[in-house]
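Down below is the structure, laid out as structure tokens.
Here, each number is a calculation from the coordinates, and none is a lab measurement. None of these values were measured; they are calculated from a predicted model. Here the Cβ positions follow ideal geometry from the backbone for every residue, glycine too, while neighbour counts run over all protein chains shown.
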């Protein structure tokens, strides 16, 4: 009688174990790649945020520098304008002082301190008028002015011009040490201001008389010469 072996045949597990190992290794590698990829992604995000922050800081720094540069430029412009204005003021003041020390011949000289007031009584001609000085009525002849005599052309125009200059205005007289006190007709010789306007000068400027030095060379003779028409 033949012998039969009832035991199951032994199966080899070496092939299955190797496959499991491979699968495990693959999974481990995939997990590693995922971890590495996730870490790299997080690193990139963090790096991007840092770059954006650095760019924002740089932009802010550039903006500050530009603002400071604008302020410096504005300060320089303001300083230059201030210097120009100061120079202009100095030039105007220098011009004013020149005008005071060397009066413009077409402008009335200032009244001297010794000038005194008078009031108009009557205008006789373009160079003669009667004035009330203190309590006396005094005939006055304008220094340096010779206007047309009565009956000559221009007499009435000169007389009317003198009336217009003196009427309803404060009058001031000043003598001149370089000129005779009186002329041959006994008229007192004076420089006459109506307000701040030197009447002697204005009569010649308007062409209502000629320069006269028959009684001496007065202090304003040059101004009269410059405006004579």
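Quick notes on this structure:
- The one condition in (1) surrounded by fewer than 20 Cβ atoms within 10 Å (Cβ to Cβ); (2) in contact with a strand residue (DSSP E or B) (Cβ under 9 Å, 6 or more places away or on another chain); (3) at positive phi that residue 138 fails to fulfil: (3)
- For segment 149-170, the criterion of being crowded, with 21+ Cβ neighbours inside 10 Å, touching a residue at least 12 places away in the same chain (Cβ under 8 Å) and on the phi > 0 side of the Ramachandran plot is satisfied by no residue at all.
- Test: residue in segment 135-144 that is touching a helix residue (DSSP H, G or I) at 6+ places or on another chain (Cβ under 9 Å) and part of a loop (DSSP other than H, G, I, E, B): yes
- Whichever residue in segment 173-204 is more than 11 Å from residue 145 (Cβ to Cβ) and in contact with a helix residue (DSSP H, G or I) (Cβ under 8 Å, 6 or more places away or on another chain) and, among such residues, is surrounded by the most Cβ atoms within 10 Å (Cβ to Cβ): 193
- Members of segment 215-229 that are assigned to a loop (DSSP other than H, G, I, E, B), touching a residue at least 40 places away in the same chain (Cβ under 8 Å) and surrounded by fewer than 17 Cβ atoms within 10 Å (Cβ to Cβ): 219
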